[in-house]
Amino acid sequence: MRARSGAAEVPAMVLGAGLNGLGVIRSLARAGVPVIAVDDNMNRPAMRTRYGRKMQVRKLHGEALVEDLVGIARLFRERPVLFLTEEATVRTVSAHRDRLDPFYRLMLPAANVLDALMHKESFQRLASRHGFRVPESVRVVDDCGLKAAYALRYPVILKPGKKDAAYARSFRKAYRVENFEALCQLCRQIMPVLPDLIAQEWVDGSDADVYFCLQYIKPDGTPAASFSGRKIRSWPPAVGGTASCMPAPEAAAEIDAQTTRFFNAVGFTGMGSMEYKRHAKTGAFYLIEPTVARTDYQEEIATLNGVNIPLAAWLVQLGRECPPVAAVPPKIWRESAVDRYSAELQNQVCGRGPLDSGAKVDAWWRWYDPLPWLTLMQARVLKAGRRRLSFRQLGMPKGERA
């Protein structure tokens, strides 16, 4: 899909230039949309992309971001379409939507809907209330919640109820916990930092049983674009983010429809996605968690396979129709380094499994846009060099270096 030239004067502003943001920037710019890439760090690898105008803000959340966005907007004749890539940014933009709406085209549902979907426990309650299949879970905020978790079937997965910067600095994204005693021990380590955890029964299956559906829901409740995929590997395995993924045509009809039904049931519109786990024995799909009002980490997998969701969102915001999806050969999206680490840890070989033997696209590297990858590699080499130097200064033998 490509933008029509008559609308090209309306820019798309991508807030947050991580790997997620880089995929969105490339998806939009290569479709002919004028892009503004905005971050609080101009040295991030994604800010080296050849695409788009680069601008800096002081922070990607909080009052400073709102002030900077209002100032930036005055530079443009047309209100930019705002694309969000980070959860903290979503919370800030939602809280200040009345201040930002005169300056930007916002893709947000009602604030109460957004707040409910951004917390794992309230999402679970919403899904259950509307008849969707979710794993049994218990919210742990105190000793009473911890005692209630005794009744769960183990193993369970333990994760924060919401994204939290202090939690992220000290703990993993999620933990698989084998028994109640181990859960108690782990919760008591985490709760002084974040007393808001979810213990959720484990759905039997591997990384490759994790599916997702990426969508943009129009104000009338219909999807302007929808794409279903599945993970190949996660990092860390079993509990982490996407290391590699692929299209999932075998499940698309079921999870596309289920995702749309859920979003319609709760009144959600805009950019969103749903993660599922398919039970390895029964084949049933369980809703795990949504990503709402922002693009997903692996959003570009859809574009690579012919479904340009950021472009569809931009066109809807301009009141234009989305052209039909073009059929393309299937491609695998992978963040090569972490995918390799995940494969090694699981005694797998990248490219030789039944799922990952197809055409692959590296999340960072593109021959037509090489600087993000080169910048990333330079940073990794410098980090490795500093690490070796510190070991040498400490006088550690090579064999003892972790």
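The values are calculated or read from the model by the stated rules, or taken from the named source; none is laboratory data. Source: prediction; values computed, not measured. Note: ideal-geometry Cβ built from the backbone for every residue, glycine included; neighbour counts use all protein chains shown. All accessible areas refer to the heavy atoms of the entire protein, side chains included, with ligands and DNA or RNA removed. Shrake-Rupley method; radii C 1.70, N 1.55, O 1.52, S 1.80 Å.
Which residues, taken from the range 343-375, are modelled with pLDDT of 95 or more and not charged (D, E, K, R)? Result: 361, 363, 364, 365, 367, 368, 370, 371, 372, 373, 374, 375. Within the range 268-302, take every residue that is over 28 Å from residue 317 (Cα atoms) and among the basic types (Lys, Arg) and give me the one that is farthest from the chain's Cα centre (by Cα). So, considering only residues that are over 28 Å from residue 317 (Cα atoms) and among the basic types (Lys, Arg), the one farthest from the chain's Cα centre (by Cα) is 281. Taking the range 72-103 as the range and being outside any loop (DSSP other than H, G, I, E, B), open to solvent by less than 40 Å² (accessible area, probe 1.4 Å) and over 24 Å from residue 160 (Cβ atoms) as the test, the residues that pass are 72, 73, 81, 82, 83, 100. Taken as a whole, the condition of being under 21 Å from residue 263 (Cβ atoms), of a type outside the set (Gly, Ala, Ser) and in contact with a Pro (Cβ under 7 Å, 6 or more places away or on another chain) does not apply to residue 132. When the range 166-198 is filtered for residues that are part of a strand (DSSP E or B) and either of a type in the set (Asp, Glu) or in contact with a Gly (Cβ under 8 Å, 6 or more places away or on another chain) (or both), the ones remaining, listed by number, are 197, 198.
Selection of first residues in the range 280-296 that are at pLDDT 95 or above and of second residues that are open to solvent by less than 30 Å² (accessible area, probe 1.4 Å) and of a type in the set (Lys, Arg), restricted to Cβ pairs under 6 Å at least 6 apart or on distinct chains, gives the following pairs, ordered by first then second residue: 286/277; 288/277. For the range 283-307, enumerate the residues that are in contact with a Leu (Cβ under 6 Å, 6 or more places away or on another chain) and of a type in the set (A, V, I, L, M). Those that are in contact with a Leu (Cβ under 6 Å, 6 or more places away or on another chain) and of a type in the set (A, V, I, L, M): 292, 293, 302. Close contacts from the range 136-163, counting a first residue that is within 16 Å of residue 194 (Cβ to Cβ) and a second that is open to solvent by less than 50 Å² (accessible area, probe 1.4 Å) and charged (D, E, K, R), with Cβ to Cβ under 6 Å and a gap of 6+ residues or different chains, come to 139/121; 141/196; 161/120; 161/121; 161/196; 163/87. Restricting attention to the range 359-371, the residues that are under 15 Å from residue 334 (Cα atoms) and surrounded by 13 or more Cβ atoms within 10 Å (Cβ to Cβ) total 7.
Only one of 143, 196, 204, 220 is in contact with a Pro (Cβ under 7 Å, 6 or more places away or on another chain) and surrounded by fewer than 23 Cβ atoms within 10 Å (Cβ to Cβ); which?
Going through 143, 196, 204, 220 in turn, the sole match is 196.
Among the residues of the range 273-280, some residue qualifies, meaning at least one is in contact with a Leu (Cβ under 9 Å, 6 or more places away or on another chain), open to solvent by 10 Å² or more (accessible area, probe 1.4 Å) and under 27 Å from residue 105 (Cα atoms). State whether the residues of the range 154-174 include one that is basic (Lys, Arg), modelled with pLDDT of 95 or more and open to solvent by 60 Å² or more (accessible area, probe 1.4 Å). Checking the range 154-174: not a single residue is basic (Lys, Arg), modelled with pLDDT of 95 or more and open to solvent by 60 Å² or more (accessible area, probe 1.4 Å).
For the condition over 30 Å from residue 347 (Cα atoms) and among the aliphatic types (A, V, I, L, M), residue 257 qualifies.
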